[in-house]
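Visitor: Mind looking over this structure? Questions follow.
Just so it is clear, none of the values below were taken in a lab; they were calculated from the coordinates. A quick note: this is a predicted structure, and the numbers were derived from the prediction, not measured. Reconstructed Cβ throughout: ideal geometry from the backbone, glycine too, with neighbour counts over all protein chains shown.
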Amino acid sequence: MYGYHGQILHIDLTNRKTWHERKPESWYQMYIGGVSMASRLLWENIEPGCDPLSPENPVCFANGIFAGTPVPVGGKYGLASKSPLTGFVGDSLSGSWFSVAFKRTAWDGIVIHGASETWVNVLIDDDRVQFRDAEKYLGMGTFETEEAIREDLLDDQVRSATIGPAGENGVLIANVTNDGRQAGRTGHGAVWGSKKLKAVSVRGTNGVTVADPDTLMKMSFEIIESSQGPDTAKYRLLGTATNVLNMNAMGLLPTRNYQEGVFEGAELVSGEYLEEHHKVKKIACAQCPIACEQVSAAKQGLYAGAMTGIEYECLYANGPNCGISDMNAIIKMIDVCDRGGHDAMSNGVTVSWAMECYERGVFTKEDFACEKYPDGFEANFGIAEAGVTITEMIRDREGLGALLAQGTKRASAQVDKERGTESYKWAMNIKGLENPGYDARGLKTFALGLAVGTRGGCHNRTAAYDPDIKGVVDRFTVDDTRGELAKSTEEYAAVYDTLPLCKFIRRCFTGKADRAGAWPAIAALINATTGWNYDYDDVDLIGERAFTIKKAFNIREGWTREDDHLNYRWHNEPMKTGPSAGHVVSVEELEYMKDLYYKAKGWTPEGLIPKSKLVALGMDDVAEEIGV
Amino acid sequence: MITSTSKYKYITCDPDKCIGCQLCEYVCSYTKTGEYNTYRSRIRTVRVDEILITSIACRTCENAPCVTVCTRKALTQDEETGIIHVDADLCDGCAWCIEACDFGAISINPITKLAEICDQCEDEEDGPQCVLWCPKDALELTTPDRRAQRARHKLVTEEALR
């Protein structure tokens, strides 16, 4: 088998045992890698219905098909566990050196079972596994832990995925981090923390064998050349932060906890401002010629010294959405998240929920008492130091931070129960995952894509904002095209998330990002890597299968049609100002679009998957378990 | 003490341009071994403190210390080009050359356990492949003198424009 090792490594933390499992080539042809293979490994290895923080919830890594080859932006891996935030599939992507070093070991996937009694660093050294004591790394930040492990092992070729203090402390919105990149969103850090798994390290010395290395090299460098032109200019020059002014102009920039879509301080938090005043260096993941990561620093004032990569999603969440226009403070908040190891998006949306609670009198100044401010502090929107301090309290689960560390769904439910309030009305999450930086009241196709998403409020797993923003459809109304559009865009995204290739390369194959522009080139890359004979349709099926295995997982965990919903505010409260003012996504509109979507997917009106559909996708064993 | 180099060409990297993508390592390992294995690259990407990024390959020192310390005379330096050649029959992987190199530019092949050093792709018609393929034009094959000339040129241009 070319491009793969043909085997999965299993590690049992409880009994400190390992074993390996060989998989046939047909299995790889179905699930490829990334989020699809990771979700499939989760499907195969979990105890259905288990508590996400119990030993029965496995940690599943799946590397990319192109990791370790020169195929640009192919150095990525998928990570899946049952999410403690949503109770459904938690599938994330991260990339860079970890992925490349992982490819050079002997494994395509790693499944970590059980839980350790003491803190552990699992080292995968080619085909060998060591359980290293991780007690001394406790309390270290993510970047710091990686460096300390390299120091201890005397080798800078060792790459580690780690959790920071947030994951150790059981913060539910905690991430896993490697090489400064995050496997984010769905609470992997909390799952690792529950297993006392501080870090997974890899060192690989083997070469990567592909079917046709000459062709792969040649194709790779053609794509690399075009990746230096206009097709990636947005990402190379200002990065995704360029979205701030674009979204603001459309009235879609979440402001003060999604109360408005236009932020008066947008200029001060724009990609352009960041470039001029805070930019330190543009850096790339391993195997990437684009270099989108805009490393930025707070250069003066209270937060001087804070430095991390700044992109749009973490910027909107901690900036406009908290009413904060002080870029130094925003960089500090994101720096605290990245080093402490919790999700900067969920952090911003949770801080903004707490700020709205404060403004509405649900929380008082005293509720924010902490070591730094023993009498508490005022937490109105726009108070930068409040944003920074609440972020630190979440990381440390200090004081009110312990409540907020659960994310907005659980925090609002607990507060409403204890205080008789209705703070769920401004808890901006879907399925328990905090929402992304595009207000769905002004993007109706996207609203559907988010509602039916398998991992909750996530812009990465659906590209349904694309037809809305590009004006392919009227973004304020619904019509009978939306079901097909949501299906098409989520499966499009799933192809990239499964290979995985970073989506920022999508225009570099032929200049056109659509299926016709990209799928033939991707098929050729797959064939040169594996020796298979993939064509357009095979590539297209990768996306449908990826989405189907995740949906199947959710169904087995008890998903019903009612779970595909938006949050209260988007259904009931229109924005008052700006180009998207006056609109909500009514329940009727959403239910209508859901009908269209389930039909387009070939599912039942209840959103369940017919046996015949699963069999047609080659997923017979899944059909046995959840097919109707 | 850093050993000096002045007369020979070597591959240099501009840290302002380098993004740390490692594509030089892929190209190198592929050119030299026929497989994709950045672990076996003769040029190495280095990242320190997240933002200091560059790549390092053999600097072709004059009177190269790696050659001097080799007890088995496995390393020889080409008088014309300064390129260090390793005789695989003589090398026993003792790693003294690695210790002698101030630039950390020599590595031991994990499979053969012998020393490997950048030879500027002297067998390739179009020269060093990493230089050819670097997407950011951060790498070049140059001499210290040429770099100094360019620095002077840049200084003069900037002062004239001021």
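Visitor: Find the residue count for region B:105-154, including only residues that are in a loop (DSSP other than H, G, I, E, B), over 21 Å from B:N37 (Cα atoms) and free of Cβ contacts under 8 Å to residues at least 60 places away in the same chain.
Guide: Final tally of qualifying residues: 2.
Visitor: Only residues that are in a loop (DSSP other than H, G, I, E, B) and surrounded by fewer than 24 Cβ atoms within 10 Å (Cβ to Cβ): list them for region A:242-273, please.
Guide: A:M250, A:G251, A:R256, A:Q259, A:V262, A:E264, A:G265, A:S270
Visitor: Also: Being of a type in the set (A, V, I, L, M) and facing another protein chain (nearest Cβ under 8 Å) is the filter here; which residues of region A:266-286 pass it?
Guide: First pass over region A:266-286, keeping only residues of a type in the set (A, V, I, L, M): A:266, A:268-269, A:274, A:280, A:283-284, A:286.
Matches in region A:266-286: A:V280, A:I283, A:A284, A:A286.
Visitor: Next up: If only one of B:I84, B:I111 is of a type in the set (A, V, I, L, M) and more than 14 Å from chain A (Cβ to nearest Cβ), which one is it?
Guide: Exactly one of B:I84, B:I111 is of a type in the set (A, V, I, L, M) and more than 14 Å from chain A (Cβ to nearest Cβ), namely B:I84.
Visitor: Determine which single condition A:T205 fails, assuming it passes every other condition in (1) of a type in the set (S, T, N, Q); (2) surrounded by fewer than 24 Cβ atoms within 10 Å (Cβ to Cβ); (3) outside any loop (DSSP other than H, G, I, E, B); (4) touching a residue at least 60 places away in the same chain (Cβ under 8 Å).
Guide: With (1) of a type in the set (S, T, N, Q); (2) surrounded by fewer than 24 Cβ atoms within 10 Å (Cβ to Cβ); (3) outside any loop (DSSP other than H, G, I, E, B); (4) touching a residue at least 60 places away in the same chain (Cβ under 8 Å) applied to A:T205, the lone miss is (3).
Visitor: Here's another thing I want to ask about it. Keeping to region A:422-479, report how many residues are among the hydroxyl-bearing types (S, T, Y) and either in contact with a Cys (Cβ under 9 Å, 6 or more places away or on another chain) or outside any loop (DSSP other than H, G, I, E, B) (or both).
Guide: 4
Visitor: Go through region A:132-163 and give me each residue that's more than 22 Å from A:T308 (Cα to Cα), surrounded by fewer than 16 Cβ atoms within 10 Å (Cβ to Cβ) and of a type outside the set (D, E).
Guide: A:K136, A:L154
Visitor: Follow-up. Which condition breaks for B:I53 when tested against (1) within 14 Å of another protein chain (Cβ to nearest Cβ); (2) assigned to a loop (DSSP other than H, G, I, E, B)?
Guide: Going through the list (1) within 14 Å of another protein chain (Cβ to nearest Cβ); (2) assigned to a loop (DSSP other than H, G, I, E, B), B:I53 breaks only (2).
Visitor: Exactly one condition in (1) free of Cβ contacts under 8 Å to residues at least 40 places away in the same chain; (2) touching a helix residue (DSSP H, G or I) at 6+ places or on another chain (Cβ under 9 Å); (3) of a type outside the set (A, V, I, L, M, F, W, C) is false for A:Y28; which is it?
Guide: Every condition holds for A:Y28 apart from (1).
Visitor: Could I ask something else about it? Within region A:64-101, take every residue that is away from chain B (no Cβ under 14 Å) and of a type in the set (V, I, T) and give me the one that is nearest to A:F509 (Cα to Cα).
Guide: So the residue we want is A:V89.
Visitor: Now for a separate question. Return the only residue of A:T255, A:T215 being within 14 Å of another protein chain (Cβ to nearest Cβ) and among the hydroxyl-bearing types (S, T, Y).
Guide: That would be A:T215, the only listed residue that is within 14 Å of another protein chain (Cβ to nearest Cβ) and among the hydroxyl-bearing types (S, T, Y).
Visitor: Filter region A:218-228 for residues that are more than 9 Å from chain B (Cβ to nearest Cβ) and free of Cβ contacts under 8 Å to residues at least 60 places away in the same chain and give the result.
Guide: The answer is A:K218, A:E222.
Visitor: For B:E35, indicate whether it is within 13 Å of another protein chain (Cβ to nearest Cβ), closer than 30 Å to A:D214 by Cα, in contact with a strand residue (DSSP E or B) (Cβ under 8 Å, 6 or more places away or on another chain) and without any contact (Cβ under 8 Å) to a residue 24 or more places away in the chain.
Guide: For B:E35, the condition - within 13 Å of another protein chain (Cβ to nearest Cβ), closer than 30 Å to A:D214 by Cα, in contact with a strand residue (DSSP E or B) (Cβ under 8 Å, 6 or more places away or on another chain) and without any contact (Cβ under 8 Å) to a residue 24 or more places away in the chain - is met.
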